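To keep things clear, I will list the structure first and then write my remarks on it.
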Amino acid sequence: MSINRPIIFPKTNSGNFVSTEPNKLAFNDGWQYAPAPESTDHVTIDQRYKLFIGGEFVAPEAGRHFETINPATEEQLSSVALAGEADVDRAVKAARKAYNGVWSKMPASERSKYIYRIARILQERAREFAVIESLDGGKPIRESRDIDIPLAAAHFFYYAGWADKLEYAFPGRHAVPLGVAGQIIPWNFPLLMCAWKIAPALACGNTVVLKPAETTPLTAMKLAEVIRDAGLPPGVVNIVTGAGETGAAIVNHPDIDKIAFTGSTEVGRIIQKAIAGTGKRYTLELGGKAANIIFADAAIDEAVEGIVNGIFFNQGHVCCAGSRLFVQESVADEVIRKLRDRMETLIVGDPLDKNTDIGAINSASQLETIESYLKLGQEEGAQMYQSSCAVPDRGYWCRPTIFTGVSQSNRIVQEEIFGPVLAIQTFRTLEEGLSKANNTPYGLSGGIWTDKGAKIFKMTQGIRAGVIWANTFNKFDPTSPFGGYKESGFGREGGLHGLGAYVRLEA
Ligand code: ADP
């Protein structure tokens, strides 16, 4: 008989599950899983990465580089080119040449073959990508292996399928590509965000200049290798690395036709101002402060698991993380007790260990931000509870944390923390739950937990957010659009809507 969970050994601090019989779990103090680290043997990371421009890896003109580190060990993984304005200009020129000369003229069915090829190579190299994603970004290998990389490949497959069917996507209209797209992405889903941006752009006939985040450039550079190996015409995809200044050089370049940005609301505002009046198209996917709402009639154990998944897994580094929890008053004590019990079983540590639930915080500065909010929450008078798990000595770590006794006006309730930190409030009636959930400047996502379909319909209609999950959370699919209301952004990515953001429709 096979046991489908790892063997577990005693540990010093309390609170892990121990298997007494195959597939059966019991709560037991003093036990832990044996380490199950993913091998890194099959992965090569170069000491230095260049820029990917015009189908070649080229040195940055000013010769400058920056370090990318492993946030779980604080060790340098590689040194990466810092692109300046001249490099961005070179990348935009390569993209324009490829757009005019090849990509916009190529039959759409040919374009789709290249995109399929990217998807297939990504699948073949999935393990390598998953390990590098976890090394560079700190996310648990379980997440990068089961979510990030398969979903990235799925996006390329999905949009490859649309490339020669745009007349069905926009019936009665003629879809014309926009030209050169400048794409700027954050560090929380490095490869997946590349796929969200590049796949629909290419499918519609645009060429791109993409900039990954400065703390997670490595899988984008590996994707550049895949794009080269897939034989894409030079200049169709260009990848430039750097921080805010490189991003600003893309935004301000006069020959860019569209900006697609995912990141903070603060930088989204800067970008919106910079391109006002230029005629550039844009989509902005910004911050969030999602509400998870648990009604008394919900399946409580499932709801607790969904809450844990929504805010603690992936270190809360998700713009649609369920960082506010509203519980109907009659079940609040039960939910909080079960949540605290579950928090005690969460394993924080080595991102490459397959048992890890919560990996490393992405960077020292992000950890500083989270810690400043933990301090602020206590100063605002909330009660803080953190799990008692041990964390490694080196690297950037944050234990799963909940705040109770918070009020609507508290900054920890209103502002995006982007860490494993949950603010819990109660409500009595559906109307009260709805109005509290909507009391936020953001509107990216939300979750409802109830046994009653009618409540789901009522709440999903009332909550002002782009994505609402019912009795589940953080589920993604390339066919489904994603995007925000209010300060969470503008425009949609994914699905048919995601195509619309990369075309001009003519009669
Ligand atoms: P986060 O808080 O998630 O790091 P940011 O908005 O700071 O989000 O960063 C998201 C992306 O935007 C990164 O690739 C970053 O380098 C880039 N960026 C930061 N500042 C600017 C700017 N002024 N113009 C364009 N891009 C920027």
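Condition test on Ile270, is it in the same structural domain as Thr207 (by TED's automatic domain parsing), surrounded by fewer than 21 Cβ atoms within 10 Å (Cβ to Cβ), among the β-branched types (Val, Ile, Thr) and farther than 27 Å from Val348 by Cα? Steps first, answer last, please.
Working: in the same structural domain as Thr207 (by TED's automatic domain parsing): yes; surrounded by fewer than 21 Cβ atoms within 10 Å (Cβ to Cβ): yes; among the β-branched types (Val, Ile, Thr): yes; farther than 27 Å from Val348 by Cα: yes.
The answer is yes for Ile270.
Of the residues making up segment 291-304, not a single one is touching a residue at least 12 places away in the same chain (Cβ under 8 Å) and farther than 25 Å from Glu432 by Cβ. For beta carbons closer than 7 Å, sequence separation of 6+ or different chains, a first residue in segment 381-408 that is modelled with pLDDT of 95 or more and a second that is of a type in the set (A, V, I, L, M) and open to solvent by 30 Å² or more (accessible area, probe 1.4 Å), the qualifying pairs are Tyr396/Ala364; Trp397/Val391; Arg399/Val391; Thr401/Met384; Phe403/Met384; Thr404/Ile336. Restricting attention to segment 234-254, the residues being part of a strand (DSSP E or B) and either near the ligand (Cβ under 10 Å from one of its atoms) or not polar (S, T, N, Q) (or both) number 2. Considering Ile417, Ile412, the condition of being within 16 Å of the ligand (Cβ to nearest atom), in contact with a Gly (Cβ under 8 Å, 6 or more places away or on another chain) and either in a strand (DSSP E or B) or in contact (Cβ under 8 Å) with a residue 24 or more places away in the chain (or both) is satisfied by Ile417 alone. Filtering Ala175, Ala199 for residues that are more than 16 Å from the ligand (Cβ to nearest atom) and over 19 Å from Phe482 (Cβ atoms) leaves a single hit, Ala175. Could you look through segment 47-79, keep only residues that are out of contact with any helix residue (DSSP H, G or I) (no Cβ under 6 Å at 6 or more places or on another chain), part of a loop (DSSP other than H, G, I, E, B) and without any contact (Cβ under 8 Å) to a residue 40 or more places away in the chain, and pick out the one that is farthest from Ala94 (Cα to Cα)? In this case the residue turns out to be Gln47.
The set of residues in segment 351-390 that are in a loop (DSSP other than H, G, I, E, B) and within 16 Å of the ligand (Cβ to nearest atom) comprises Ala360, Ile361, Asn362, Ser363.
Looking at Ala299, is it open to solvent by less than 10 Å² (accessible area, probe 1.4 Å) and away from the ligand (no atom under 11 Å from the Cβ)? Spelling it out, it is not the case that Ala299 is open to solvent by less than 10 Å² (accessible area, probe 1.4 Å) and away from the ligand (no atom under 11 Å from the Cβ). Once segment 179-235 is narrowed to residues that are in contact (Cβ under 8 Å) with a residue 24 or more places away in the chain and of a type in the set (D, E, K, R), the residue that is most open to solvent (accessible area, probe 1.4 Å) is Arg228.
Do we find a residue being open to solvent by 70 Å² or more (accessible area, probe 1.4 Å), out of contact with any Cys (no Cβ under 9 Å at 6 or more places or on another chain) and more than 19 Å from Thr265 (Cβ to Cβ) anywhere in segment 414-427? Within segment 414-427 (the criterion being open to solvent by 70 Å² or more (accessible area, probe 1.4 Å), out of contact with any Cys (no Cβ under 9 Å at 6 or more places or on another chain) and more than 19 Å from Thr265 (Cβ to Cβ)), the answer is no, since none of the residues qualifies. Of the set (1) open to solvent by less than 30 Å² (accessible area, probe 1.4 Å); (2) modelled with pLDDT of 95 or more; (3) outside the structural domain of Lys458 (by TED's automatic domain parsing), all apply to Gly306 but (3).
In this structure, Pro351 does not satisfy being in contact (Cβ under 8 Å) with a residue 60 or more places away in the chain, surrounded by fewer than 23 Cβ atoms within 10 Å (Cβ to Cβ) and over 27 Å from Asp451 (Cβ atoms).
The values are calculated or read from the model by the stated rules, or taken from the named source; none is laboratory data. Because the structure is a prediction, the values reported are computed rather than measured. Counting neighbours? That spans all protein chains shown, and the Cβs are built from the backbone with ideal geometry, glycine included. Protein only, heavy atoms only, side chains kept; ligands, DNA and RNA dropped before computing areas. Shrake-Rupley method; radii C 1.70, N 1.55, O 1.52, S 1.80 Å.
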